[in-house]
Amino acid sequence: MSKSVKKGDDHSVIIMLGSQLEVSFLEKFDTELVQFLRTDLQNDHVVIRTEIAEIEDEKKLYTSTDIFDYMVKQNPDLKDLKDRLGLDFDY
């Protein structure tokens, strides 16, 4: 997941993070970061807001069949190749 920073309404800076753990880590440096931004931007009204980005729940590929099905979605010709060679992924 990629992190991003964007300008919010008025004088806010929105930092998109991946988890609550990242938010907790940022909170340790929040005051120093706000002071830096206010000084650098010459704007005493700057505030930081954090948001946790939605993460899609990806299915884990554990078995060889799962991996093969995923690869077939990427390239359907693999199924034809498997059939022609008479391969079987079930052990």
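The values are calculated or read from the model by the stated rules, or taken from the named source; none is laboratory data. Everything numeric in this text was worked out from a predicted model, so none of it was measured. So basically every Cβ, Gly included, is an ideal-geometry build from the backbone, and we count neighbours across all protein chains shown. Note: areas computed on protein heavy atoms with side chains; ligands, DNA, RNA excluded. Shrake-Rupley method; radii C 1.70, N 1.55, O 1.52, S 1.80 Å.
Put simply, when 75-88, 8-21 are sorted by average Cβ atoms within 10 angstrom per residue, most first, you get 8-21, 75-88.
Across the accessible surface of the chain, with the other protein chains kept in place and a 1.4 Å probe, carbon and sulfur atoms take up 53 percent. Over the chain, the hull volume per residue, using the convex hull of the C-alpha atoms, is 135 Å³. Using the rule -39500 (n - 2.57) for each DSSP H run of four or more residues, divided by the residues of the chain, the 222 nm mean residue ellipticity is -15000 deg cm²/dmol. For the chain, a crude dipole built from +1 on the beta carbon of Lys and Arg and -1 on the beta carbon of Asp and Glu, taken about the Cα centre, is about 180 debye to the nearest 20.
Among the GluC sites (Glu not before Pro) found in the chain, those both in a DSSP coil and sparsely packed, with 15 or fewer other Cβ atoms within 10 Å of their Cβ, are GLU54, GLU56, GLU58. Of all aspartates and glutamates in the structure, those lying under 15 Å Cα to Cα from LYS60, and not within fewer than 8 positions of it along the same chain, are ASP69. Which percentage, to the nearest 5, of the DSSP beta bridges contained in the chain is antiparallel? Percent antiparallel among DSSP bridges in the chain is about 40.
For the range 11-91, the per residue solvent-accessible surface stands at 84 Å², with DNA, RNA and ligands left out and a 1.4 Å probe.
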